[in-house]
1. If amide hydrogens are placed 1.01 Å from N in the peptide plane, which non-local residues have theirs closer than 5 Å to the one on B:Cys111?
2. Nearest-5 percent of antiparallel DSSP beta bridges in the protein assembly as shown?
3. Report, as an integer, the average count of C-beta atoms from other chains found within 10 Å of each Cβ along A:148-155.
4. Which of A:His9, B:His101 comes first, and how do the rest follow, when ranked by fewest Cβ neighbours within 10 Å?
5. Quick one: with label points 7 Å out along Cα→Cβ, list the inter-copy distances for B:Pro120 in nm, shortest first?
6. Between rounded, prolate and oblate, where does chain A land on the alpha carbon gyration tensor, with a ≥ b ≥ c its root eigenvalues, rounded for a/c under 1.5, else prolate if a/b exceeds b/c?
7. Could you derive backbone 3J(HN,Hα) for segment A:113-119 from the dihedral phi with the Karplus parameters 6.51, -1.76 and 1.60 (θ = phi - 60°), listing whole Hz in sequence and x where the residue is Gly or Pro?
8. Which net charge results for the neighbourhood of A:Glu54, defined as the other residues with beta-carbon distances under 14 angstrom from its beta-carbon, given Lys and Arg at +1 and Asp and Glu at -1?
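Just so it is clear, none of the values below were taken in a lab; they were calculated from the coordinates. Everything numeric here is computed off the predicted structure, so don't read it as measured data. Every residue, glycine as well, gets a Cβ built from its backbone with ideal geometry; the counts of neighbours run over all protein chains shown.
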There are 2 protein chains.
Amino acid sequence: MSSLHDHTHCIADALTRADALCAERGARLTALRRRVLELVWSSHRPRGAYAILEDLSQQDGKAAAPLTVYRALEFLVEQGLVHRIESLNAYVGCAAPGNVHSGQFLVCEACGDAAEIDDPGVGTAITAAAAERGFRVQRPTVEVRGLCKSCQETPR
Amino acid sequence: MSSLHDHTHCIADALTRADALCAERGARLTALRRRVLELVWSSHRPRGAYAILEDLSQQDGKAAAPLTVYRALEFLVEQGLVHRIESLNAYVGCAAPGNVHSGQFLVCEACGDAAEIDDPGVGTAITAAAAERGFRVQRPTVEVRGLCKSCQETPR
DNA sequence: GACATGGGTGTTACTTTATAACGCTTCGGC
DNA sequence: GCCGAAGCGTTATAAAGTAACACCCATGTC
């Protein structure tokens, strides 16, 4: 993932899908929220709220307050356009918004990329394990640290 | 879990096992570290570092600095005696130290209890999903939010 | 026993991450 | 055009985590 790919396309794509989804739902994807979404998507690495804040200040010239970013992120997470990576206190664009899901992530320790997967096996196993103990699942969090394929092949 | 059980026993048990494990490994479970472990175990709810810090200050009279607690927690996590719940920035005693594992948790939104499970199905599914994508797993994090059995039966 | 060594702890200061409270503005429905 | 709710700005503050440095004390060595 960290290798070459047309990332500009990833971003444009994400924005287009976001526009469509929000229009469909009647949710307000304001200029600010759209801009924050774009910044989250600036790579496939999870980005911290304060990193995004800095981008806003530096690239757009306006010195925003933390709350500005947090509120936008909150909206984006609610809409399923962005996921929060709990173990990193950071945010990453959702690869497949639209269908609700809570996200499973393979986070590479070397390059920092977070690959989102939606593995039915993992989901099923969690649901089963929970059910066995009478636990009602609301929101599963799966964040796997390790080494991605390309970083195993090209160690630094 | 939040219901009645001899929690004094849980604590005593955890301390005894910790003593044994550290002796066996030649790790130094000092008075401070042992005390912090005891405070982590004061319930089955994950506790924040600052909550533990307050306990130390109030119950023991000595005003400790954050680092004191963080260092003790770091040691305990390394030894596998305590797990960190990423999605809560909090720590909880490990139910089955000794064998290395990274912990899977069912965290109840109502009572706050975090039940540790070690479900082979979940572990296997994650390993398989990762392998399929050429990802080498180092440390899986599984934290499931929802409602525990007793909180479903006795809603508040 | 003296001594060196390294791990553990204390202390101060600081960074990063996140939220509270309040008011103004703007959008969208009527 | 008016109104209510949602969005945004601003200031201040809380919560979580780390850096740097000094001291202490247990341990092993001579």
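1. Result for B:Cys111 returns B:Cys148.
2. That works out to approximately 75 percent antiparallel.
3. Other-chain Cβ atoms within 10 Å of each residue's Cβ, averaged: 2.
4. Listed from fewest to most nearby Cβ atoms, that is A:His9, B:His101.
5. 2.4
6. oblate
7. Along segment A:113-119, the couplings run 5, 10, 8, 8, 10, 9, 7 Hz.
8. +1
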